[in-house]
Structures are given as structure tokens and as C-alpha cells.
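Enquirer: Quick one: this structure, given as C-alpha cells, is what I'll be asking you about.
Since every read-out is calculated from the coordinates, none of them should be taken as a lab result. What you see is a predicted model, and the numbers here were worked out from it, not measured in a lab. Here the Cβ is made from the backbone with ideal geometry for all residues, glycine too, and neighbour counts use every protein chain on show.
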Amino acid sequence: MSHRLASVAQACGLLLVPCMVAGACSAQSPSDPAALPNAGAQGGSSGSNSSAGTTGFTGGTGGSIPPAGAGGGSGSGTADAGAPMQVQKCPGTPVTELIADFSSNFTGDLASWTFGAAASGVGDAAIPSVAFSGGGYVYPAAPSPGALSGDLSQGNLHVTGTVSTASGFGLWFATCSDASEYKGISFKIGGNVGDTTQLTFSIQTNDDAPIDPTNAKGACFYTSGSVNFTPDCQAPSTAITIGEVPVIVQVPFATLGGGKTAAQVNPAELLGIQFAFANPTVPYDVDVKLDDVRFYGGGDAAGAAGAPDLP
């Protein structure tokens, strides 16, 4: 992996819930209900099945997003570093229909895997500055207590482990991206996710991400917590039922809600996606596989043709 990709993986390897990847993660902590990695960062904290956690774009949140654009208009309040908060503009990087199909059968650390223009092994010279790309994460991630495992060697994202705290997995986008020509996101998923048989699916957006000048993202002002976790900002989410046998699920953007400060998903400003396990009353084992993640409903792009929309 090039030096540039390695630094992106570290800075973003966290959608962080718990900054699972070493490096500057500005994602929410795992204790945080649905922290999304800072776009680009790995990890993020999850929320309960009934409610998505707050956005932090960290370990639950994807990871730190590489600088994506100039700051927007200024607002009141101060960031963690003491500087006035400024809404960060979304550059609107055009997405590709396919997000990730894990077809490379990558055998390395999930924190080092990337998809799209920055696919693992691609040199810096081949990485356009405004091309859709990103990576994946699980949270908590090793060496944190209760760490989950994310394996890519079989052509899918295979997540296993014992859920003993806020836990989940997801994909972070390297820049704030525009999927407004599509209807929603589809993916193939199945396995054991615990007795509830449900996951909370969240889409991280710039509107609902805490203002984070360091990573050039976020438009949500907060007065409590930090950029890594604040109850003032929360990603739109919905509950999805998971069966043992993997099936294709389509989730229209319009079905997600409950976000703060924007209740619904703005598909023109996406930072990543997250799947959160139900918070445990007692530890429980999980074994789930995710594959063929893509946008659907865009013009002639059929996405996962024939798959029913999430009720």
C-alpha cells in the first residue's frame, strides 16, 4: 500500500467508535450509540437496534475523512481545539453504482483494505483526487476489549466475535460523496446477529456529522460532548431484520429517519454506512456476512434487480 493510502487508512480507519485504528480518528467512541467513522476513518459506535447512535464518524463512524473541501459559513460555538465552528462544505464527489463487492479476497488487515479509486495496491499516481473510494471497519477493533474480527479473504466482509459492548461494522467514504441520482443502497447480508435478529443500519451524512475542521467535514453544531461523540448529532437510521441465509436487501434513502440535525438522509452528502448490533444485556456471539454493497435505482442502473425494498 502506498504511503498515502497507509496514512488515509490510519487517519480514517476509524469510523471510529473507539478509535480502533491507530491514528487520528475523529469518530465517535464505541460508547457512543451510533458513531460513524469520520468519513474515511474506521469504526464508529453503534446504537441500540431501536435507535441509531449519535454520529461521530469514527469507529462506528467511518474514519477520519481526508480533507474534503473548504469550510463553509461560520456559526457560533467553538470546536474542541477552541477555534470557532465552521460548517464544512461537502465537495459532492460523484459515486459509482458499485460501492464494494470484496472480490479481491483481501487477506490483510481490514484497516488496510480500501475500495474504489484507492483500492488496495493501487499506486498514488492512479488515485484521482476526486474519485469515489473508501474502506471498511469493525468496532471495537483489536486491541480494544471485546474486539470483533473482520475477514475479507472469502470475497465478502465476514464479521465474527462476541458482542459485549456497543459494536458494529461499516464502510467509510474517503470524501463527502453525491449519490443523489440513486434511490438507495442495496447489499447482500445474512448470518447470526443475536436473538433480536436485527441490526440498526445508518447512513452517515455531512448534515448530521459533528463539525470537524481537521477532517474538513460536518455541518452539525454541538454544545456537549466532542467531535468524537456528541448527543447533539445523530445519523439517520432504520432497523433491518437479518436471516441466517444471506439475501439482497434494498434500503431506500427515504426510509431512514431520526437524524440530528437533519432527520432524513441527504443523498448528495454521504460519508459512509454503518451496521450496529443490538446493545447487549449479556454478551452474545455474532457471525454475519456482508457482500455486494451498491447504490440502486439510478437511471438504467438496476442495482440489486428484483430485490424488494425494505418495508
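Enquirer: Would you mind checking LYS89/LYS289; LYS217/LYS260; LYS89/LYS188; LYS217/LYS289 for any pair whose Cα atoms are more than 25 angstrom apart? Don't skip to the answer; put the middle values down first.
Expert: On the way: LYS89/LYS289 34 Å; LYS217/LYS260 15 Å; LYS89/LYS188 32 Å; LYS217/LYS289 30 Å.
Among LYS89/LYS289; LYS217/LYS260; LYS89/LYS188; LYS217/LYS289, the Cα-Cα distance tops 25 Å for LYS89/LYS289; LYS89/LYS188; LYS217/LYS289.
Enquirer: Amide H of GLY184: which non-local residues (sequence gap of 5 or more, or other chain) have their own amide H closer than 5 Å, using H built in the peptide plane?
Expert: PHE253, TYR296
Enquirer: Counting other beta carbons within 10 Å of each Cβ, put PHE173, PHE102 in order, fewest first.
Expert: By the 10 Å Cβ count, ascending: PHE102, PHE173.
Enquirer: With θ taken as phi - 60° and the coefficients 6.51, -1.76 and 1.60, list the Karplus ³J(HN,Hα) couplings across segment 270-276 in order, rounded to whole Hz; mark glycine and proline as x.
Expert: Here the 3J(HN,Hα) series is 9, 10, x, 10, 9, 10, 10 Hz.
Enquirer: Rounded, prolate or oblate: pick one for segment 127-245, where a ≥ b ≥ c are the square roots of the eigenvalues of its C-alpha gyration tensor, a/c under 1.5 means rounded, and failing that, prolate if a/b is larger than b/c, else oblate.
Expert: Here segment 127-245 falls in the prolate category.
Enquirer: Leaving out same-chain residues fewer than 8 places away, which lysines sit with a Cα under 21 Å from that of LYS183?
Expert: none
Enquirer: Right, here's the next one. HN-Hα J couplings of segment 171-181 from phi, Karplus 6.51/-1.76/1.60, θ = phi - 60°, integer Hz, Gly and Pro as x?
Expert: Ordered by residue, 3J(HN,Hα) equals 10, 10, 9, 5, 9, 5, 10, 9, 10, 5, 7 Hz.
Enquirer: Using the 10 angstrom Cβ neighbour count as an exposure proxy, how do GLU181, GLU97 rank, fewest first?
Expert: Taking fewest neighbouring Cβ atoms as first place, the list is GLU181, GLU97.
Enquirer: Quick one: which residues, 5 or more positions from ASN156 or on another chain, have an amide H under 5 Å from its amide H? H modelled 1.01 Å from N in the peptide plane, none for Pro or chain starts.
Expert: Amide H neighbours of ASN156, under 5 Å, 5+ apart: none.
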